[in-house]
Amino acid sequence: MKKITFIFSILAVSVFLSGCIWSPPSPQGLLPVSGTENIGSAVALSWNAIEPGAGWIKLRYDLYLSESTDPELYTGNLVNNAYSVTALKPNTRYYWRVVARNITQGTASPSKIQYFSTR
């Protein structure tokens, strides 16, 4: 009987992508659309969700909302792509935008500023 010897070699490879930073795209599809009027004392704000494409990237949203044309941070670190705002003042124009943040790598992208008016 002939003896056959097999030699196996296992190579472990570790790949580190240094310098590979993913910036989220600017949020799109914001609702209500800019210029909407006759909003009541509450409004459901929403935008298209962003898919980071890599499971290790954590994405969060910051919502900016105020009566100023440069809206202030209203609430942050949102996981979902919608937020309900209550107790809005009557006859007031509100400006708002959303910032998508890659909290894993520290990058962010803002949407365009939108506005709506209450009745």
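The values are calculated or read from the model by the stated rules, or taken from the named source; none is laboratory data. Please read all numbers here as calculations on a predicted model, not as lab measurements. So basically every Cβ, Gly included, is an ideal-geometry build from the backbone, and we count neighbours across all protein chains shown. Just so you know, the surface numbers come from the protein's heavy atoms only, side chains and all, with ligands and any DNA or RNA stripped out. Shrake-Rupley method; radii C 1.70, N 1.55, O 1.52, S 1.80 Å.
Computed quantities for the displayed model
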item: Residue that is nearest to the chain's Cα centre (by Cα) [pool: residues in the stretch 44-97 that are among the acidic types (Asp, Glu) and under 17 Å from residue 23 (Cα atoms)]; result: 62
item: Failed criterion for residue 116 (all others in (1) buried (at least 17 other Cβ atoms within 10 Å of the Cβ); (2) in contact (Cβ under 8 Å) with a residue 60 or more places away in the chain; (3) farther than 17 Å from residue 29 by Cα hold); result: (3)
item: Residues that are within 19 Å of the chain's Cα centre (by Cα), modelled with pLDDT of 95 or more and β-branched (Val, Ile, Thr), drawn from the stretch 104-119; result: 107, 113
item: Enumeration of residues in the stretch 25-60 that are touching a Leu at 6+ places or on another chain (Cβ under 6 Å), open to solvent by less than 50 Å² (accessible area, probe 1.4 Å) and at pLDDT 95 or above; result: 46, 47
item: Residue list for the stretch 40-60, filter: assigned to a loop (DSSP other than H, G, I, E, B) and over 19 Å from residue 112 (Cβ atoms); result: 40, 41, 42, 51, 52, 53, 54, 55, 56, 57, 58
item: Every residue from the stretch 61-112 that is in contact with a strand residue (DSSP E or B) (Cβ under 9 Å, 6 or more places away or on another chain), assigned to a loop (DSSP other than H, G, I, E, B) and open to solvent by 70 Å² or more (accessible area, probe 1.4 Å); result: 67, 69, 70, 72, 79, 80, 86, 89, 90, 91, 103, 112
